[in-house]
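The next block holds one structure in the form of structure tokens; read it before the comments.
Quick note: the coordinates plus some simple rules give every number you see, no bench work behind them. Just so it is clear, the model here is predicted, and its values are computed rather than measured. Reconstructed Cβ throughout: ideal geometry from the backbone, glycine too, with neighbour counts over all protein chains shown.
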Amino acid sequence: MQSSTSTVQSSSPYFDEARSAEVVNARMSNDANPRLRQVMSVLVKHLHAAIKEIEPTHEEWFAAVRFLTETGQMCTDWRQEYILLSDILGVSMLVDAINHRRPSGATPNTILGPFYVANAPEYPNGANICLDGKGEPMVVEGRVTDIKGKPIPNAKLEVWQTNDDGFYDVQQKGIQPDSNLRGVFTSDAEGRYWFKSVKPRHYPIPSDGPVGKLLSAMGRHPNRAAHLHFIVTAPGFDPVITHIFTPDCPYLPEDAVFGVKRELIADFNQIDDDEAAKRVGFSSPFWLVSWDFTLATSSKPVRAIP
Ligand code: BEZ
Ligand code: FE
């Protein structure tokens, strides 16, 4: 008798607090796309568990819904507030890590960020991408190789960074020169690349929307550790979307979007030598950054849940 009652209860289609996630998931059709079934059942399970742990009041739940509504309303073609939310919660970096498990020694991936622009100007090695003349001069040079150290010629290196005021060109159209601090370089026959720029500075992610308010309510700042962005591509190799970080930035351990990986912190050497400066067309001092990119051959993401 006891067991038949519990059988009836455990398959009941009616809502009850204890079995809430089970009841909701049981409603899903067996004909639904299997991946969607998996995703939705995991989400429902964890969402219900979170709600049971939090026990929100109605006011708190409405505040959460209002936050999501405002986040959506903030989105435009240029401003993706939901991606920003995913960034500050560490979800963007987690999805990136899951999808770019590389062999040790390969340059790690990071998030792309919202300020990448395709088809930036292509430059010969040695060109200066800083078009507004602000900031501390810097030379970046290195090699693109495979995991065994073999040079990769003709690799494309797309680079972009903020100007010395902490803004990307696309955030300041009409204020900065178009394509300021972005460009595309090609590695030479020995896999070498080199270009001129300015030392990057830390800057805040856009924080005038609901995500900025959430950060501040959580007692967090919006700053990103000073960095350059790169996409490095070569036929037959996994494209690498990555950053390099300055070693002296106070925000390295508290980057707003968790983008810093220890392996991506570069040495920035200050060169105070007039002859060396003259050779690169600067006056001294200038910063020299030697940075190699190591590409892995194409890999497939590994699924933790079958
Ligand atoms: C960036 O580095 O450009 C960036 C990344 C995530 C959010 C906002 C900006
Ligand atoms: Fe950035």
Under-5 Å amide H pairs with residue 265, H placed in peptide plane, nonlocal only: 245
Can you list the chymotrypsin sites (Phe, Trp or Tyr not before Pro) in the range 8-113 that are in a DSSP coil and have 15 or fewer other beta carbons within 10 angstrom? 14, 15, 78
What whole number of Å gives the distance from the Cα centroid of the range 165-212 to the Cα centroid of the range 69-115? 18
Below 8 Å, C-alpha to C-alpha, sequence gap of six or more: please give me the relative contact order for the chain in percent. 20
Within the chain, which is the longest segment that contains none of the GluC sites (Glu not before Pro) sitting in a DSSP loop with at most 12 other Cβ atoms within 10 Å? 18-189
Can you work out ³J(HN,Hα) from phi for every residue in the range 183-193, in order, using Karplus 6.51 cos²θ - 1.76 cosθ + 1.60 and θ = phi - 60°, giving whole Hz and x for Gly and Pro? x, 10, 10, 10, 5, 7, 4, 9, x, 8, 9
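When the chain is fully extended, how far beyond the present Cα-Cα distance does residue 273 get from residue 60, taking 0.36 nm per residue of separation?
Contour length minus the Cα-Cα distance gives 70.6 nm.
So how much slack lies between residue 80 and residue 190, counting 0.36 nm per residue of separation and subtracting their Cα-Cα distance, in nm?
Working: separation 110, 0.36 × 110 = 39.60 nm, distance 3.96 nm.
Between residue 80 and residue 190, full extension yields an extra 35.6 nm.
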If amide H atoms are built 1.01 Å from N in the plane of the peptide, which residues on other chains or at least 5 residues away come under 5 Å of the amide H of residue 271? 286, 287, 288
A correct Stokes-Einstein calculation for the chain, using the alpha-carbon Kirkwood radius, 10 °C and 1.306 mPa s, returns a whole-number D in µm² s⁻¹ of 71
Which loop-located trypsin sites (Lys or Arg not before Pro) does the range 47-149 contain, where loop means any DSSP state but H, G, I, E or B and the Cβ has at most 11 other Cβ atoms within 10 Å? 148
